[in-house]
Every structure is written in C-alpha cells, then in structure tokens.
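Nothing in this text is a laboratory measurement; each read-out follows from the coordinates by a stated rule. Since the model is a prediction, treat every value here as computed from it, not as a measurement. No Cβ is skipped: glycine too gets one built from the backbone with ideal geometry, and neighbour counts run over all protein chains shown.
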Amino acid sequence: MNPFDVLTNEIDELVDSFSSTAFVGDLNMGVTQYSFWMFVAVVVLLVLIFAFVKKQQASLVPQGRFVNGMEFLIEFTRDNICKSILGPTWKKHFPFLATLFLFVLTNNIIGIIPGMRPGTGCIGTTAAIACVSFVYFIVMGIRKHGAWGYVKSLAPKGVMFPINLLVWLIEVFSTILRLITLAVRLFCNMFAGHVVMATFSLLATLFIAPLMQGVSAVAIGQAGASVMWVAILIIIYLVEILVAAIQAYVFAMLSSVYVQIAESDEG
Amino acid sequence: MGVIGYGLGVIGAGIGIGLAAYGYTTATARQPEVQGQLFTGFILGSAFVEALALIGFVVALVVK
C-alpha cells in the first residue's frame with residue numbers, strides 16, 4: 001500500500017483539527033485551544049517580566065544569564081524597533097511597541113513547543129492585535145496633527161487639485177489595508193508553518209507503519225524514507241523557530257513604522 | 001485546482017526572494033564589512049515576500 005494515498009485524507013483531517021474548537025463555552029464566548037495557549041503565554045510573559053524586574057533590582061550590575069538575556073531583549077526592542085525608526089520621540093511609544101513585540105514573541109515561541117499551540121495561530125488573536133496597533137497609530141496621528149490635520153496629512157502636499165483627491169483616496173485605502181496585512185501576515189506564517197510541520201510528521205508516521213506490521217524489503221525501504229522525513233522535519237522546525245522570532249520583529253517594526261508615518265510632518 | 005493556483009502564486013514569491021538574495025550577495029561581495037546590516041534587511045525582505053506565498057498556501061488549504 002502506498003502511504004501517499006492515505007495522506008490526502010489525513011491532511012484534510014489535520015487542517016480540520018487546526019480550526020478553533022471551544023472546550024469551555026462556545027465559539028462566541030468561550031475558551032478555544034488557541035486562546036487557552038494565549039493565556040498561558042501571557043502568564044509566562046508576566047512571570048518572566050516580574051522575575052526580571054525583581055532580580056534586576058537586587059544588584060546594580062546585571063548578573064546571570066537570565067537578567068542579561070532579558071536585558072538584551074529589551075535593548076534590542078529599544079534600539080532596533082524604537083530608536084532607529086521613531087527617532088527622538090521613541091520614549092513615548094516604547095511601552096506600547098515593547099508590549100506588542102514581547103506578546104507576539106511569547107505566543108509564537110510557546111506555539112513552537114510540541115503539543116502546544118500558538119495563540120497567534122488563529123485569525124481572531126492576530127486581528128485583535130492588529131486592530132490595537134491600527135487604532136494606536138491613528139490616535140497618535142490625530143494627537144500630533146489634529147483630526148482634520150491627520151485626514152489632510154494622508155495626501156502629500158504640493159499636488160494639484162484633482163490628482164490630490166485621487167492620491168488621498170489611494171492613501172486611505174492603503175491605510176486600511178495595513179490593518180488586514182498585519183493580521184493576515186502573522187496568522188498565515190504561524191498557521192502555514194504548523195501545517196507544514198504536521199504534514200511532515202504525518203509522513204514520517206505513515207511511512208514507518210508498514211514496518212510495524214511485518215518486516216519485508218519494501219517496509220524497510222519505507223522506514224528509511226521515514227527517517228528522511230524526520231530529518232526534514234527537524235530542519236523545518238529550526239526554520240520555524242527563526243520565523244517565530246522574525247514575525248514578532250516584523251509585526252512590532254511595522255507598527256513602529258506606521259506610528260512614524262502618522263507622526264511625520266511631511267504628509 | 002487549489003494546488004495549481006498555489007503554484008502560480010509561488011512563482012512571484014520565488015522571484016522576490018531570489019531578487020533579495022541576489023541583491024544581498026552582490027552588496028556583500030562589494031562591501032563585506034556591512035554584511036551584518038544587510039543580512040537583517042535581507043531576512044526582513046524575505047519575511048515579507050514569504051508571507052505572500054504563505055497566504056496562497058493557507059487559502060489553497062482552507063478554501064476548498
């Protein structure tokens with residue numbers, strides 16, 4: 001029997017198992033597997049942060065791997081996400097952007113561990129974070145320019161009248177698109193990565209199955225293929241760890257860029 | 001059909017990542033000392049392009 005014949009059905013089942021199912025309450029108001037792991041991620045993040053603050057205050061010089069590691073993370077957020085993009089006003093936006101970055105990062109990393117699911121692997125969570133970021137940069141733009149000023153600042157200055165309107169429309173459209181792309185990018189990366197990993201582990205199990213039923217030349221050959229699938233799975237797993245970190249960075253950095261665009265003087 | 005659609009979508013992403021890698025290697029060959037900064041940009045660009053390919057993947061899987 002060819003294991004690839006079984007695979008199609010198995011993948012359909014797999015993708016179904018990725019859709020949200022509520023185990024407390026229902027889908028409208030309840031806890032799905034994704035929101036459960038999101039709460040776990042939030043708790044882990046809070047414990048880490050409070051432990052970090054307490055340990056850091058214990059001595060003037062940072063000591064130990066934990067404190068230094070956390071300081072590296074915070075400094076990375078400060079330098080690469082805030083200072084380099086926002087310029088002098090970075091201090092005002094640092095708490096928000098660091099929260100976004102650390103929240104998404106913990107969720108992604110928690111999801112990488114086998115048996116757990118990423119809170120960001122569900123479109124609801126990512127859409128919620130994207131909405132927060134969207135509202136934040138619009139509010140910041142309105143604070144800087146005033147409501148009417150912000151609406152006007154969407155279109156570049158110094159363009160003739162009829163083209164001006166067209167450019168403004170396109171800019172409004174692209175601003176709304178930011179909301180969708182922020183949410184969909186993160187969701188698709190998490191979802192697709194996990195589906196690919198699950199597919200390769202399925203392949204590994206399907207190919208080892210004939211060896212369990214009886215030893216034959218074909219079965220041993222398929223078991224060899226199974227080892228190859230596991231090797232590919234490990235490589236993809238490593239890439240997924242990288243993707244988890246990069247996507248958190250991209251999300252926070254894009255939010256920062258949007259805030260910078262909203263606050264910039266030239267429209 | 002979904003598989004063919006995904007294959008079509010991946011063409012663009014493949015060209016995109018290829019261009020990013022091309023620019024990265026060329027720039028590194030010219031100025032090896034800025035390799036670190038270039039690598040960040042390269043990874044970021046690849047992440048953006050890859051996201052498009054993944055959107056195609058998810059749509060092909062979810063929409064039957």
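Quick notes on this one:
- With a Förster radius of 30 Å applied to the beta-carbon distance between A:Leu238 and A:Leu60, the computed FRET efficiency rounds to 0.20.
- Note that chain A, at 37 °C in a medium of 0.692 mPa s, gets a Stokes-Einstein diffusion coefficient of 152 µm²/s from its Kirkwood radius over C-alpha pairs.
- Shielding of peptide A:182-188 by partners, expressed as the average count of other chain Cβ atoms within 10 Å per residue Cβ, is 4.
- Among A:Leu46, A:Leu182, A:Leu60, the largest mean-square fluctuation in a Gaussian network model of chain A (Cα springs under 10 Å) belongs to A:Leu60.
- Nearest-20 debye value, chain A charge dipole, Cβ charges on Lys, Arg, Asp, Glu: 1140
- MRE, 222 nm, helices only [DSSP H, n ≥ 4, -39500 (n - 2.57), over chain A, to nearest 500]: -27500 deg cm²/dmol
- Dividing the mean sequence gap of close Cα pairs (under 8 Å, 6+ apart) by how many residues chain A holds gives a relative contact order of 26 percent.
- Dipole check for the range A:99-216: with +1 at the C-beta of Lys and Arg, -1 at the C-beta of Asp and Glu, and the Cα centre as origin, the magnitude is about 400 Debye.
- Comparing mean-square fluctuations of A:Leu100, A:Leu203, A:Leu27 from a GNM of chain A with C-alpha springs under 10 Å, the top value falls on A:Leu27.
- Shown for the protein assembly as shown: lysine pairs separated by 8 or more places, or found on different chains, whose C-alpha atoms are under 22 Å apart, numbering 7.
- Modelled label positions at B:Met1 and A:Ser20, each set 7 Å beyond Cα in the direction of Cβ, lie 2.9 nm from each other.
- Helices in chain A that qualify as membrane-span-like (whole DSSP H runs, Cα extent of at least 24 Å along the helix axis, mean Kyte-Doolittle hydropathy of 0.0 or higher) are A:33-58, A:90-112, A:123-145, A:161-213, A:217-263.
- The modelled label-to-label distance between A:Ser216 and A:Ser174, using points 7 Å beyond Cα along the C-beta direction, is 6.2 nm.
- Candidates per GluC sites (Glu not before Pro) in the range A:221-267, loop by DSSP, up to 13 other Cβ within 10 Å: A:Glu266
- With Rh defined as the Kirkwood radius, the inverse of the mean 1/r over Cα pairs, the Rg/Rh of the range B:2-62 is 1.14.
- Relative contact order (%) - the range B:2-62, alpha-carbon pairs under 8 angstrom, separation at least six: 57
- Least to most buried among A:Lys152, A:Lys91 (fewest other Cβ within 10 Å first): A:Lys91, A:Lys152
- Highest-MSF residue in chain A out of A:Val40, A:Val104, A:Val61 [GNM, Cα springs under 10 Å]: A:Val61
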